[in-house]
1. Are there any strands (runs of 3 or more DSSP E) wholly within segment 1-51 with 2 or more residues that are of a type in the set (Asp, Glu), and if so which?
2. Among the listed residues LEU168, LEU164, LEU156, which satisfies the condition of being outside any helix (DSSP H, G or I), out of contact with any strand residue (DSSP E or B) (no Cβ under 8 Å at 6 or more places or on another chain) and surrounded by 14 or more Cβ atoms within 10 Å (Cβ to Cβ)?
3. Considering (1) within 11 Å of ligand 2 (Cβ to nearest atom); (2) charged (D, E, K, R); (3) crowded, with 16+ Cβ neighbours inside 10 Å, say which one GLU124 fails and leave the rest.
4. Pick from GLY108, GLY21: which is away from ligand 2 (no atom under 16 Å from the Cβ) and of a type outside the set (Phe, Trp, Tyr)?
5. Within segment 32-51, is even one residue open to solvent by 30 Å² or more (accessible area, probe 1.4 Å), under 15 Å from the mean Cα position of the chain (by Cα) and under 18 Å from VAL190 (Cβ atoms)?
6. Output the number of residues of segment 1-31 satisfying the condition of being away from ligand 1 (no atom under 15 Å from the Cβ), of a type in the set (A, V, I, L, M) and open to solvent by 30 Å² or more (accessible area, probe 1.4 Å).
7. Among the residues of segment 175-207, how many are open to solvent by 30 Å² or more (accessible area, probe 1.4 Å) and within 18 Å of ILE49 (Cα to Cα)?
8. Look at ARG113 and say whether it is open to solvent by less than 80 Å² (accessible area, probe 1.4 Å), within 14 Å of ligand 2 (Cβ to nearest atom) and not in a loop (DSSP other than H, G, I, E, B).
Amino acid sequence: ASALTLANVSKSFVNTEVIKGVDLDIAQGEFVVFVGPSGCGKSTLLRMIAGLEDTTGGDIVIDGNRVNELPPVKRGIAMVFQSYALYPHMSVFENIAFPLRVEKLPQGEVDSRVNGAARVLQLESRLQQRPGTLSGGQRQRVAIGRAIVRQPKIFLFDEPLSNLDAALRSEMRVELMELHKRLGSTMIYVTHDQIEAMTMADRIVVLSAGEIEQVGSPLELYHRP
Ligand code: ADP
Ligand code: ADP
């Protein structure tokens, strides 16, 4: 089944078209990586999928509904940003719990979801610390935890590893792939790093100047000139 459909999606800023008629169908549980050079439109596309930015043309459809016609909590989408945007004065627990506080979930439900996410992300012993006392990789995991507790159908990642050093990046790649296997959720991941695309994706979407240049599995793209 289809998790998300982009139908002839376009986006213009003032009079420049930066996304030009993108068509793409993403299956449930698929790990799709958008790759391409800086400025090709990856973030704009992701932000439109998240509903953070309106499309200028075309439709983005989730479960038969247009994204921009659904209230944010009904979209089933959670986004993990490059800048982790953690609250320095709050504990790791409260940073992860934050979206659930916004939704006013009962404390028991908050506790069980945060502890569940912390177990998956190996942050159980860090829950009472402040983010400033954590390593870069641990902070990134807190940001991912904040997305996990919302139990989204679709995760969006905007260059989540680009602030980490090479060793941590490769470790986090493996962790994200394990997370994908464990949760079975649809994941859409934006990067300019071809290694990330090749190692993590079920399917790679190569963007160039706002258009899809190539789509295929890592193997298919590797063997194509
Ligand atoms: P990428 O994520 O691939 O680096 P972006 O989606 O950030 O690319 O940007 C695509 C194009 O749209 C770039 O030319 C960028 O300058 C332009 N752009 C992005 N956001 C805005 C904006 N808010 N106003 C005007 N132009 C924008
Ligand atoms: P403070 O920032 O005031 O020290 P915390 O952020 O430590 O408070 O905790 C805020 C809420 O989260 C409390 O209601 C607490 O019961 C709950 N909480 C904190 N850590 C855990 C945990 N490891 N397991 C379950 N609940 C927790």
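1. Values: elements: 2-13, 16-27, 31-35.
Fully inside segment 1-51 and qualifying: 16-27.
2. Values: LEU168 fails: outside any helix (DSSP H, G or I); LEU156 fails: out of contact with any strand residue (DSSP E or B) (no Cβ under 8 Å at 6 or more places or on another chain).
Going through LEU168, LEU164, LEU156 in turn, just one is outside any helix (DSSP H, G or I), out of contact with any strand residue (DSSP E or B) (no Cβ under 8 Å at 6 or more places or on another chain) and surrounded by 14 or more Cβ atoms within 10 Å (Cβ to Cβ): LEU164.
3. Just one mismatch for GLU124, condition (3).
4. Numbers: GLY108 fails: away from ligand 2 (no atom under 16 Å from the Cβ).
Only one candidate passes the filter, namely GLY21.
5. Taking segment 32-51 first, the residues open to solvent by 30 Å² or more (accessible area, probe 1.4 Å) are 37-39, 43, 47.
Cutting the leftovers down to under 15 Å from the mean Cα position of the chain (by Cα) gives us 43, 47.
Those left that are additionally under 18 Å from VAL190 (Cβ atoms): 43, 47.
Yes, segment 32-51 contains at least one residue that is open to solvent by 30 Å² or more (accessible area, probe 1.4 Å), under 15 Å from the mean Cα position of the chain (by Cα) and under 18 Å from VAL190 (Cβ atoms).
6. 3
7. Residues meeting the conditions: 1.
8. On the way: open to solvent by less than 80 Å² (accessible area, probe 1.4 Å): yes; within 14 Å of ligand 2 (Cβ to nearest atom): yes; not in a loop (DSSP other than H, G, I, E, B): yes.
It is true that ARG113 is open to solvent by less than 80 Å² (accessible area, probe 1.4 Å), within 14 Å of ligand 2 (Cβ to nearest atom) and not in a loop (DSSP other than H, G, I, E, B).
The values are calculated or read from the model by the stated rules, or taken from the named source; none is laboratory data. Please read these numbers as outputs of a predicted model, since none were measured by experiment. Every residue, glycine among them, receives a Cβ derived from its backbone with ideal geometry; neighbour counts consider all protein chains shown. The protein model used for the area step is the full one, side chains on, heavy atoms only, and it has no ligands, DNA or RNA in it. Shrake-Rupley method; radii C 1.70, N 1.55, O 1.52, S 1.80 Å.
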